Each structure stands twice: as C-alpha cells, then as structure tokens.
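Report on the following structure.
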Ligand SMILES: Cc1cc2nc3c(=O)[nH]c(=O)nc-3n(C[C@H](O)[C@H](O)[C@H](O)COP(=O)(O)O)c2cc1C
C-alpha cells in the first residue's frame with residue numbers, strides 16, 4: 001500500500017505544524033493511502049555527527065522515510081528559515097531516503113512571512129533529489145487559524161487539502177503499481 005509520511009519539525013507538544021500536517025494526512029487517508037507521522041519532538045535524534053552512521057532513533061527514522069512513497073515535511077518559521085529540529089533530521093537523510101519520493105512542504109509562522117522558509121526547504125530537498133510538488137502551504141499567524149485542535153480558517157484548510165491531493169497524485173505517478 002502506498003504510504004504518506006508526515007515529518008513535523010517542531011518540538012512543541014501542541015505544534016501548529018503538526019496540526020497542519022494532520023490535515024494533509026487526512027486528505028491522503030481519504031484517498032486510500034496509509035498515513036503516518038514522525039513527530040520530531042517525540043523522538044531521540046541527537047545533533048547529526050558526520051563521523052557517526054547512526055545515533056539514537058536515526059536508523060528507524062530514516063528507514064521510515066525510505067519506505068514511504070510520499071513525505072510531507074513541515075517546519076515552523078524560525079528567524080525567517082526552518083527550525084534546527086527540521087534541519088537536524090534533514091541532515092540524516094540522503095538521496096537514498098528520497099529516491100522516487102513525492103514531497104510536500106508546509107511552514108507555519110507566528111507572523112506573516114513564510115516564503116523564505118518554504119524556499120529553503122525546497123532547495124535543500126532538491127539536494128537529496130526529492131520530487132517536491134509545486135503546491136506548498138505557508139500558514140501565517142498560525143495561532144489565529146486554530147481553535148484548539150480545530151483548524152478554523154477555510155482557506156488554509158483548502159490549501160492543505162490541495163497539497164494532500166497533489167502529493168498523492170505525484171506518489172501515484174512515481175509508483176503506478178503500488
Ligand atoms: C526561535 C524562534 C524563532 C521564530 N522566528 C519567527 C520568524 O522569523 N517569523 C515568524 O513569523 N515567526 C517566528 N517564530 C514563531 C513561530 O514560527 C510560530 O510560533 C510557529 O507557529 C510555531 O510552530 P509550531 O507550533 O509548530 O512550533 C519563531 C519562534 C521561535 C521559537
């Protein structure tokens with residue numbers, strides 16, 4: 001079965017990034033795909049060290065990326081770029097993890113600017129040869145878009161759902177027999 005894996009690059013328990021990724025996964029689930037989430041706030045992933053092949057949960061986490069036909073990456077906007085948590089995970093991954101993998105991107109911002117974060121994600125995922133779809137979602141003023149766990153902003157929901165559809169279609173194009 002085709003699997004879509006979301007990776008949330010926030011360490012916050014009640015992360016808006018994680019909540020936004022769930023909307024994308026829900027859409028993929030409704031389209032018949034298996035959905036999974038890696039919450040980087042809930043794993044043991046020490047700072048990447050180039051002299052060590054594996055640390056903490058890294059072998060298990062990279063295996064999960066390798067075995068997924070689609071990966072939706074999410075990061076909070078930190079100082080106009082992505083979070084160190086996201087980057088640390090990214091450094092463990094190579095072309096081997098992202099070969100023939102459809103990729104979707106989500107960034108959540110406390111303020112209004114998420115463009116550079118998505119651009120940085122797009123260009124560094126290109127470095128590991130992920131097939132990033134043109135659709136992407138930035139959520140500005142994230143705390144105003146949610147009432148508890150409920151996403152109240154219809155436009156944000158529509159864009160997250162459209163991203164889910166785009167990622168599933170790209171995964172099916174790359175893996176027609178899955
Ligand atoms: C270290 C740090 C840097 C941040 N930098 C920005 C920023 O440059 N622009 C912005 O709009 N929000 C910034 N924020 C706010 C986060 O982007 C915002 O709270 C986001 O929704 C958090 O996502 P999360 O709930 O998934 O952790 C920053 C937050 C932190 C902790």
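Being over 18 Å from residue 25 (Cβ atoms) and in contact with a helix residue (DSSP H, G or I) (Cβ under 6 Å, 6 or more places away or on another chain), is that true of even one residue in segment 97-120? Break it down stepwise before answering.
Here is the first cut: in segment 97-120, the ones over 18 Å from residue 25 (Cβ atoms) are 97-100, 109-120.
Applying the additional criterion that residues be in contact with a helix residue (DSSP H, G or I) (Cβ under 6 Å, 6 or more places away or on another chain) yields 97, 100.
Looking through segment 97-120, at least one residue is over 18 Å from residue 25 (Cβ atoms) and in contact with a helix residue (DSSP H, G or I) (Cβ under 6 Å, 6 or more places away or on another chain).
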Selected residue [under 23 Å from residue 157 (Cα atoms), within 15 Å of the chain's Cα centre (by Cα) and modelled with pLDDT of 95 or more] from 62, 3: 3
Can you tell me which condition residue 11 does not meet? The list is (1) free of Cβ contacts under 8 Å to residues at least 60 places away in the same chain; (2) in a loop (DSSP other than H, G, I, E, B); (3) within 16 Å of the ligand (Cβ to nearest atom), and all the others hold. (1)
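Residues in segment 16-44 that are assigned to a loop (DSSP other than H, G, I, E, B) and within 16 Å of the ligand (Cβ to nearest atom): how many? Explain how you work it out, then say what you get.
Step one: of segment 16-44, the residues assigned to a loop (DSSP other than H, G, I, E, B) are 31-33, 43-44.
Still in the running and within 16 Å of the ligand (Cβ to nearest atom): 43.
Of the residues in segment 16-44, 1 are assigned to a loop (DSSP other than H, G, I, E, B) and within 16 Å of the ligand (Cβ to nearest atom).
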Restricting attention to segment 78-121, report how many residues are within 13 Å of the chain's Cα centre (by Cα), within 22 Å of residue 166 (Cβ to Cβ), within 14 Å of the ligand (Cβ to nearest atom) and in a loop (DSSP other than H, G, I, E, B). 1
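Consider residue 70 carefully, then state whether it is surrounded by fewer than 22 Cβ atoms within 10 Å (Cβ to Cβ) and either away from the ligand (no atom under 13 Å from the Cβ) or in contact (Cβ under 8 Å) with a residue 12 or more places away in the chain (or both). I'd like the intermediate steps shown before the answer.
Working: surrounded by fewer than 22 Cβ atoms within 10 Å (Cβ to Cβ): no; either away from the ligand (no atom under 13 Å from the Cβ) or in contact (Cβ under 8 Å) with a residue 12 or more places away in the chain (or both): yes.
It is false that residue 70 is surrounded by fewer than 22 Cβ atoms within 10 Å (Cβ to Cβ) and either away from the ligand (no atom under 13 Å from the Cβ) or in contact (Cβ under 8 Å) with a residue 12 or more places away in the chain (or both).
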With the requirement that a residue be surrounded by 14 or more Cβ atoms within 10 Å (Cβ to Cβ) and assigned to a loop (DSSP other than H, G, I, E, B), what does segment 45-58 give you? 45, 48, 55, 57
Which numbered condition residue 130 fails, given (1) out of contact with any helix residue (DSSP H, G or I) (no Cβ under 7 Å at 6 or more places or on another chain); (2) away from the ligand (no atom under 16 Å from the Cβ): (1)
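The values are calculated or read from the model by the stated rules, or taken from the named source; none is laboratory data. Keep in mind that this is a model prediction, so the values were computed, not measured. Cβ atoms come from the backbone with ideal geometry, glycine included; neighbour counts cover every protein chain shown.
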